[in-house]
Structure formats: C-alpha cells, structure tokens
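For reference, the structure is listed below as structure tokens.
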Amino acid sequence: MEVKSAKILVTRELSGEQIKFAEGLGLQVTIEPAINIEFRDDWFALETILKNLEKPVFAFTSRNGVEAFSRFKSAGTKFPDDIRVYAVGKKTAEALISFGLNPIVAKQQDGVGLAKKITDDFLSERDLKNATVLHFCGDKRRDEFRQFLEQSEIKVRDMVVYKTILKPMNLPDFQPDAILFYSPSAVQAYRESGGFVTKNPSELFAIGSTTAEELSIESGKHVHISPEPDTETFLKFVKGILDEA
C-alpha cells in the first residue's frame, strides 16, 4: 500500500532519527528553526539563592531548563540528595533521570497541570510546608505556572537559566500541508517573519496547549494540539490529521 505523502514545515531542529521517523510516515520535512537558545554561564546568584533556602523544590517545564541545570551542576554546585523534583512531561523527566534524579510527572503535561500537581502535594504533605519551588526557566517563560502556585500561597522563584532569541525565518516558497510549532516564542518568530500576513491554508499544529493558545490568537484558525509533548507522538498525530483531510 502506497504511503500518502505530505509536506510539513517544522519550526525547530529535529534529530536525524526524528527526520527518518517522519519520512517513514510519508512526511516530507522542511526545517526552519524559529529560535536560538543561549544558556546562562554565571551561576553565582543562583547558588546564593539555593544556599539560603530551607527546603528547595525543583520544577522543570522544558528540556532547555534541564540542559541549563546540567551546566549548573557541572559548575560544581551541590544539591541535597533528597531534593524533590517535578517535570512537565515524560521527555523532560527522562532527561532528569539521566542525572540521577527521580522526577514527579503530572498527568496533565503542561505548566498548569504541573502547578496543580505541586499544589496538591504541598497541601497534603506536611514536610513541604516551608518549601520553595525553584522554577528552572527561560526569560520568555509564560506566567501561568508561577501565578497558579502564588494563588495557592506556595512560595516560588523563577530561576532564569537561558534566553530565548527569536530568529528571522526564511519561510519556504511552497505551501506546506502543515506547520509545526513547539513554543509560543516560535509562533512569535513566525509572525515577525511575515508568516501570518496572508491567508494560509496550511494546517497548524502545536506541541501543547500554551503554544496552541498563542498560535490560535495569531492565526485566527483552528489549531491541532499533540496528545503528548513528544516529537514522535506529535509527528504521528500530524500524519493522522493530514490523512483525514
């Protein structure tokens, strides 16, 4: 049986294995990264914050936060052996496990879902009463995670460990069947590169709900949301939607 082919534009880098996976599904991939990530290299302020906290709890809402944490750790920073760690999704958790951590993952795999899980745990576990959540995040972080915790009277501090830099994008001269977005910042970069100037018949896809919200506002169109924040799942989801079109 012949596999139906479709052209997709992906707004971030994919690994060689991910590209092969997409091609096996019949997806012709064009990659045009929307953002660059610049990691912090001065950790003194973060080390000071960590030393002055009675009970720190780590929270990660992106794999970039995990990468920054690995650099923080490589700088010689010491962490409590029993540190409580939360991760927004399975892939973020897998990255943390590789550093010997045992992250807790919420069923709802987005920032609000993670904040709800943390809130439930803080309310039910007495030893977390004086804990402070340290959110390893970027400079263009969304506010929902921190706001949800603050409204629940949970102490939280944003640990800005990387910068997100929007790139001028070279948009293709053909019309892709689908465009895939991995972050609200990617949506902003696409907009600033002229991506929403003309009516676009491409199907729009987002890795998660926060990206979908931004994409829907900018495009005025329906946005398909991946069932899980995982690239292979995302690609299979895209293929399924395009086959139905």
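The values are calculated or read from the model by the stated rules, or taken from the named source; none is laboratory data. Quick caveat: nothing in here was measured; it's all calculated off a predicted structure. In this analysis, Cβ positions are derived from the backbone assuming ideal geometry, glycine residues included, and neighbour counts consider all displayed protein chains.
Return the pairs, sorted by first residue and then second, in which the second residue is among the aromatic types (Phe, Trp, Tyr), the first residue lies in the stretch 187-206 and is touching a residue at least 24 places away in the same chain (Cβ under 8 Å), the beta carbons are less than 7 Å apart, and the residues are 6+ apart or on different chains.
As it stands, the answer is 187/181; 205/181; 206/181, since those pairs meet every condition given.
Tell me, which helices (runs of 4 or more DSSP H) lie completely within the stretch 111-227 with 3 or more residues that are under 30 Å from residue 8 (Cα atoms)?
Of the helices (runs of 4 or more DSSP H) lying wholly inside the stretch 111-227, those with at least 3 residues that are under 30 Å from residue 8 (Cα atoms) span 111-124, 184-192, 209-219.
Could you identify the single residue in 91, 78 that is surrounded by fewer than 15 Cβ atoms within 10 Å (Cβ to Cβ), at pLDDT below 90 and under 27 Å from residue 38 (Cα atoms)?
78
Of the conditions (1) outside the structural domain of residue 64 (by TED's automatic domain parsing); (2) buried (at least 19 other Cβ atoms within 10 Å of the Cβ), residue 154 satisfies every one except a single condition; which number is it?
In the conditions (1) outside the structural domain of residue 64 (by TED's automatic domain parsing); (2) buried (at least 19 other Cβ atoms within 10 Å of the Cβ), residue 154 misses (1) alone.
Quick one: in the stretch 54-87, of everything that is within 20 Å of residue 42 (Cα to Cα) and among the β-branched types (Val, Ile, Thr), which residue is farthest from the chain's Cα centre (by Cα)?
For the stretch 54-87, the residue satisfying everything is 77.
Being over 11 Å from residue 144 (Cα atoms) and crowded, with 19+ Cβ neighbours inside 10 Å is the filter; apply it to the stretch 106-118 and report the residue that is farthest from the chain's Cα centre (by Cα).
118
Output the number of residues of the stretch 130-144 satisfying the condition of being touching a helix residue (DSSP H, G or I) at 6+ places or on another chain (Cβ under 8 Å) and farther than 21 Å from residue 37 by Cα.
3
When only residues in the stretch 33-45 that are within 22 Å of the chain's Cα centre (by Cα) and surrounded by 14 or more Cβ atoms within 10 Å (Cβ to Cβ) count, which is modelled with the lowest pLDDT?
Filtering the stretch 33-45 for residues that are within 22 Å of the chain's Cα centre (by Cα) and surrounded by 14 or more Cβ atoms within 10 Å (Cβ to Cβ), the one modelled with the lowest pLDDT comes out as 40.
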